[in-house]
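I have placed the structure first, in the form of structure tokens, so that the comments after it can refer back to it.
Read-outs throughout are calculated quantities, based only on the coordinates presented, and are distinct from any laboratory measurement. For clarity, every value in this text was computed on a predicted model and none was experimentally measured. Reconstructed Cβ throughout: ideal geometry from the backbone, glycine too, with neighbour counts over all protein chains shown.
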């Protein structure tokens, strides 16, 4: 697989093409050749066409970084350029008296943030927002920035102190392969797509030396554990254990070579991210020892076998749905690996236990075939989400510095890129909502603030028409009525609601909204949101249920009875919880929805960003084939807002 990396000119312009060079030379009036033009604001005139033609010339000349005023534009070359990320080059940018005079690079951004911290000019804390569509190279960019800070902010003190600092820096870097293994997956657009967002706080002491770090994660796409879209894969870690386990481990985890698993599509694909040994070694550096690793991988194998547990229709509402074919073997193996009683696991998947009435009468009701499958999937998502959160907490306990040992921080924000798939659901709505909020933050911080400052001072200023995405945010999150408020209301009402009814409610309540569209040719209920990066059609089917994210209490109770050491930690027994049955009617607690929780965490993140000096890196995917030396202007979200937040005419 080709690595997703970013770089700047490596000296080769052989592929740029003579006609393209001449065309652009004429375009720029005989001025600086476009591949040597380091800032897009110097293009004359500044239009979308001239900007793209300049970027294309630089890309074909192997020059992958370009300034766009206050933003660094990073184009994914889809080929290795290791010389552009060497420690020697890092030190060159760090030692430069004026790094801005060097070629544009992520190290320029890294050095600027580091010098800003040293200057102690408010706001001292810095943030780097790495954005762009899926597959544009955001994760790679964040990874390289972390390596840069680990080099330039290393402690030059005594040997003993240096060993401690080196260990901290190495642990911080080792958090990357672990989080990517458990949080990234191969999608249609990207073979190493982050299926969660993360904000990494690199903690610096008074001498601007790195003393630790803290990781905050957002909205893990846990549905991927039990449901993978066509041509997509599950999280990398499942393929790592499936392909990389030793012979003895295969026996222990019940993973014979060639075994087929419903939740492990496309195991024949070989990806760079399937390297199990890298993950294991990184986990060791983070303090996760071999026995604990074994417990983790054994539980993951248990989830794979759980995915092969399938049910048939009982044909009688009073009878539990039977297992199909060899599913009895799968449920038995899953129970063994998860440390659960087999009969209790099967009963929990087949039968609901409900409390009703003032007397809290308890009765049992067999689940339908669909309900059995839902409970099976819910169990897998619950285990994986708890495991992921636990890993993040272990990473933080390993790398986080004591509160009195650091004074400032540099934050790296790596969030999911803008997404538009054939089928878009709540996950994509939340992801694109986050991108809209960050786009607004970008526009507000630079363009709007600069224009208003010039106007207040009475200076001559030609107002730039920028793309204000507030109407789109109002549509998604506004008050009193928005898409999110309507979905949340359906969850609170707790009534049967079809996809068609939800579509009708959204269209009726938000009729005439300029950012809401409808696909009249769509065979299924849906609505269209006109995002800053382009229109996206969202299916209404499943939105309400995903937003509720219900977990039957019997599932939690079951997992609390596990004899597996890891699951005992993930699901500690609650001595006060005497009734794992599912409440009914008025007994249900108020629903804290996925959208509500995500909105709250996003607002907290933006508060942190507002208290920092922000820097922006916009990653661009030159083509959808992930191939080097191909630049397709017609593909991807190419509006001017991607580069500047303004309209280019």
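With just the Cα atoms of the range 90-226, tell me how far they stretch along each of the three principal axes, in Å, largest first.
Computed over the range 90-226, the largest-to-smallest principal extents equal 49, 37, 27 Å.
Rounded if a/c is under 1.5, else prolate if a/b beats b/c, else oblate: with a ≥ b ≥ c from the C-alpha gyration tensor eigenvalues square-rooted, which is the range 463-532?
oblate
Want the number for residue 518 to residue 405: 0.36 nm per residue separation, take away the alpha-carbon distance, what's left?
Values: separation 113, 0.36 × 113 = 40.68 nm, distance 5.45 nm.
Difference between extended and current length: 35.2 nm.
For the range 303-343, state the average projected area of the convex hull of the C-alpha atoms over all orientations, rounded to one decimal in nm². Present the calculation step by step, with values, prior to reporting the outcome.
Details: hull surface 12.0 nm².
Averaging across all directions leaves 3.0 nm² for the Cα convex hull.
Could you calculate the FRET efficiency of residue 352 with residue 243 from 1/(1 + (r/R0)^6), where r is the beta carbon distance between them and R0 is 51 Å, rounded to 0.05? Each step should come with its number before you reach the end.
Details: r = 38 Å, r/R0 = 0.74.
E(calc), rounded to 0.05, equals 0.85.
Using only the Cα atoms, what convex hull volume per residue in Å³ does the range 214-293 have? Mind showing how you got there, number by number?
Details: hull volume 10.0 nm³, N = 80.
Taking only Cα atoms, the range 214-293 has a hull volume of 125 Å³ per residue.
In whole Å and largest first, what semi-axes does the C-alpha gyration tensor of the range 524-575 yield when each eigenvalue is scaled by 5 and square-rooted?
Values: eigenvalues 316, 36, 13 Å².
After scaling each eigenvalue by five and taking roots: 40, 13, 8 Å.
With Kirkwood's inverse mean 1/r over C-alpha pairs for Rh, give me the Rg to Rh ratio of the range 360-515, two decimals please. Please report the intermediate quantities before stating the final value.
Working: Rg = 23.0 Å, Rh = 21.0 Å.
Computed over Cα atoms, the ratio is 1.09.
Using bins 5 angstrom wide from zero, how does P(r) for the range 333-378 break down, in % of all Cα pairs?
5, 20, 22, 21, 16, 10, 4, 2, 0
Measure off 7 Å from each Cα along the Cα-to-Cβ vector at residue 268 and residue 252, then give the distance between these two points in nanometres to one decimal.
So the two model labels end up 3.1 nm from each other.
On alpha carbon coordinates alone, what is the Rg over Rh value for the range 455-571, Rh being the Kirkwood radius? Write out the running numbers ahead of the final one.
Numbers: Rg = 21.4 Å, Rh = 17.6 Å.
Ratio value, two decimals: 1.21.
Could you quote the convex hull projected area for the range 174-315, Cα atoms only and averaged over all directions, in nm²? Mind showing how you got there, number by number?
Details: hull surface 44.0 nm².
That works out to 11.0 nm², a quarter of the Cα hull's surface.
Under 8 Å for C-alpha pairs, at least 6 residues apart: give me the relative contact order for the chain, rounded to a whole percent.
Values: 1073 pairs, mean separation 125.7, N = 649.
Here the relative contact order equals 19 percent.
Enter the per residue convex hull volume of the range 369-424, computed from alpha-carbon coordinates, in Å³ rounded to the nearest integer. Intermediate values should be presented prior to the final figure.
On the way: hull volume 6.7 nm³, N = 56.
In the range 369-424, the Cα convex hull volume per residue is 120 Å³.
Calculate how steeply helix 426-443 sits against the longest principal axis of the alpha-carbon atoms of the chain, using the helix alpha-carbon long axis, and give the answer as 0 to 90 degrees to the nearest 10.
Roughly 30 degrees, rounded to the nearest 10.
Semi-axes of the equivalent ellipsoid of the range 267-306: what are they in whole Å, largest first, if each equals the square root of 5 times a C-alpha gyration tensor eigenvalue? Spell out each step's value before the answer.
Numbers: eigenvalues 77, 58, 5 Å².
Result for the range 267-306: semi-axes of 20, 17, 5 Å.
Where does the range 66-160 land on Rg(C-alpha)/(2.2 N^0.38 Å)? Walk me through the numbers before you get to the answer.
Numbers: Rg = 14.1 Å, N = 95, 2.2 N^0.38 = 12.4 Å.
Compared with the compact-globule rule of thumb, the range 66-160 sits at 1.13.
Could you rank the peptides 502-511, 69-78 by their average count of other C-beta atoms within 10 Å per residue, with the highest value first?
Peptide ranking by packing, descending: 69-78, 502-511.
Restricting to Cα atoms and excluding each atom paired with itself, what does the Kirkwood estimate give for the range 106-155 in Å?
One over the average 1/r among Cα pairs gives 11.8 Å for the range 106-155.
How big is the range 316-435 along each principal axis, measuring the range of its Cα positions in Å and listing the largest first?
63, 43, 39
Applying 1/(1 + (r/R0)^6) with R0 = 45 Å to the Cβ-Cβ distance of residue 632 and residue 451, what FRET efficiency is obtained, to the nearest 0.05? Mind dumping the intermediate values first?
Working: r = 33 Å, r/R0 = 0.73.
So, using R0 = 45 Å, E works out to roughly 0.85.
Taking all pairs of distinct Cα atoms, average 1/r, flip it, and tell me the Kirkwood hydrodynamic radius of the range 232-389 in Å to one decimal place.
Values: mean 1/r = 0.0582 Å⁻¹.
Across the range 232-389, the inverse of the average 1/r is 17.2 Å.
Step by step: find N for the chain, compute 2.2 N^0.38 Å, then divide the Cα radius of gyration by it. What's the final number?
Working: Rg = 26.3 Å, N = 649, 2.2 N^0.38 = 25.8 Å.
The chain yields a ratio of 1.02.
Full extension from residue 48 to residue 284: what is 0.36 nm times the residue separation minus their Cα-Cα distance, to one decimal in nm?
Values: separation 236, 0.36 × 236 = 84.96 nm, distance 4.88 nm.
Between residue 48 and residue 284, full extension yields an extra 80.1 nm.
Write down the Kirkwood hydrodynamic radius of the range 400-439, to one decimal in angstroms, obtained as one divided by the mean of 1/r over all alpha carbon pairs. Could you put the intermediate results ahead of the total?
Working: mean 1/r = 0.0781 Å⁻¹.
So the Kirkwood estimate lands at 12.8 Å.
Output the 0 to 90 degree angle, nearest 10, between the alpha-carbon long axis of helix 290-307 and the longest principal axis computed from the alpha carbons of the chain.
Here the helix axis deviates by roughly 70 degrees.
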